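Read through the structure below, which is laid out as structure tokens, and then see the notes.
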Amino acid sequence: MAQPIQVKLVRSPIGRPQKHRKILQALGLTRLHRPVNLHATPTIVGALRKVVHMVEVKEI
């Protein structure tokens, strides 16, 4: 089973490409500093790599 991770949005998506905003929305990251618990599947990890400059990831 995939390892659980906690993801938090730390940089605003304002002024970022529309593609990045859609990725954040798909991950459930809608507000700054609000953590979301996800499983580290290859799909989720790939999406996080695209927006790594705007998020903070912790292993639970």
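Could you please find all residues in the stretch 16-37 being within 14 Å of Ile5 (Cα to Cα) and not in a loop (DSSP other than H, G, I, E, B)?
Passing the criteria: Leu27, Val36, Asn37.
Okay, residues lined up against (1) among the hydroxyl-bearing types (Ser, Thr, Tyr); (2) loosely packed, with under 12 Cβ neighbours inside 10 Å; (3) out of contact with any strand residue (DSSP E or B) (no Cβ under 6 Å at 6 or more places or on another chain); (4) at pLDDT 95 or above:
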| site | (1), (2), (3), (4) |
| --- | --- |
| Gln6 | no, no, no, yes |
| Ile14 | no, yes, yes, yes |
| Pro17 | no, yes, yes, yes |
| Arg21 | no, no, yes, yes |
| Leu24 | no, no, yes, yes |
| Glu56 | no, no, no, yes |
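Tally the residues that are farther than 15 Å from Val10 by Cα and not in a loop (DSSP other than H, G, I, E, B), restricting the search to the stretch 38-57.
Total satisfying the criteria: 8.
The values are calculated or read from the model by the stated rules, or taken from the named source; none is laboratory data. All figures in this text were calculated on a predicted structure; none of them were measured in a lab. Note that each Cβ is placed from the backbone with ideal geometry, even for glycine, and that neighbours are counted across all protein chains shown.
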